[in-house]
Amino acid sequence: MSEPKSEYKVEVKNLTKYFGDLHVLNDISFNVRKGEFICIVGPTGCGKTTFLNLLTRIYMPSKGDLLIDGESADPKKHNLAFVFQEPSSIPWKTVEENLRFGLELKKLPKKEIDERVENIIKLMGLQNFRDAYPHQLSVSTEQRIIIGRAFAMNPDLLLMDEPSMGLSPLLVQEIFNIIRNVNRDGVTILLVEQNAKMALEVANRAYVLETGTIAMSGEASELANDPKVRDAYLGG
């Protein structure tokens, strides 16, 4: 018996993407239940980032579709936040101003904005940087701003494109612990990562992409112990 659609936060239906003659994604399909933490791992160039860009409509599919809450994905309609792979803080705004920016666009009450921003500054360990500008910070500290800005939006769906990039091993562990806690609060998370070891430790389920197709899928803990995955992505 099929599960009711209401259980799905994201539905990927025969998703295909071409860039000219380059076939990046080839007829992939899977579903994400509300509140799940899904990771997508695979080698560089396998289509991971393209998938997220399709979900946020930076690109449109060549074939197939992506649904959020049963409707065609639309970032203007759905309560989602996206942590990009590249640094995307606003260079002329301080750390605190960067964290406030999205909340002010939503025209939330000042008191609520103040409370959310203070919580995020503490959560991300940015107390000593609130008045600094991005160019004055290390790559890892700037990445904390970007992740914190996404958390501050209180999204239903959090999309993350390699949030561990450029971070020290210690900070990677801290960031993934924070991400796991956000998921425990009920946020659905779709994480794209090359750091497969860490991603498989924190996610519920995982998909392995290879040359634009789903090569393997299953419980993250089971895939972490699969010899093929260990040899290819976890260093044996």
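Observations on the structure shown:
- All positions within segment 54-90 that are in contact with a helix residue (DSSP H, G or I) (Cβ under 6 Å, 6 or more places away or on another chain), more than 30 Å from residue 138 (Cβ to Cβ) and either at pLDDT below 90 or open to solvent by 60 Å² or more (accessible area, probe 1.4 Å) (or both): 59
- Residue match in segment 95-102 (condition: in contact (Cβ under 8 Å) with a residue 24 or more places away in the chain and in contact with a Leu (Cβ under 7 Å, 6 or more places away or on another chain)): yes
- Residue within segment 156-171 that is modelled with pLDDT of 80 or more, within 15 Å of residue 81 (Cβ to Cβ) and open to solvent by 30 Å² or more (accessible area, probe 1.4 Å) present: yes
- Test for residue 132: is it of a type in the set (Gly, Ala, Ser) and either under 19 Å from the mean Cα position of the chain (by Cα) or at positive phi (or both): no
- Test: residue in segment 50-57 that is touching a strand residue (DSSP E or B) at 6+ places or on another chain (Cβ under 9 Å), of a type in the set (Val, Ile, Thr) and assigned to a loop (DSSP other than H, G, I, E, B): yes
- Residue 151 meets all of the listed conditions (1) closer than 21 Å to residue 34 by Cβ; (2) open to solvent by 60 Å² or more (accessible area, probe 1.4 Å) but one, namely (2).
- Exactly one residue out of 175, 189, 214, 179 is within 26 Å of residue 67 (Cβ to Cβ) and part of a helix (DSSP H, G or I), and it is 179.
- The residue that is nearest to residue 19 (Cα to Cα), among those in segment 44-53 that are of a type in the set (A, V, I, L, M, F, W, C) and modelled with pLDDT of 90 or more, is 51.
- Residue within segment 53-67 that is in contact (Cβ under 8 Å) with a residue 12 or more places away in the chain and closer than 17 Å to residue 153 by Cβ present: yes
- If you filter segment 197-211 down to residues that are outside any strand (DSSP E or B) and closer than 24 Å to residue 156 by Cα, you find that the one that is most open to solvent (accessible area, probe 1.4 Å) is 201.
The values are calculated or read from the model by the stated rules, or taken from the named source; none is laboratory data. Small disclaimer: the values here were computed from a predicted structure and weren't measured. Cβ coordinates were reconstructed from backbone atoms using ideal geometry, including for glycine residues, and neighbour counts include every protein chain displayed. The protein model used for the area step is the full one, side chains on, heavy atoms only, and it has no ligands, DNA or RNA in it. Shrake-Rupley method; radii C 1.70, N 1.55, O 1.52, S 1.80 Å.
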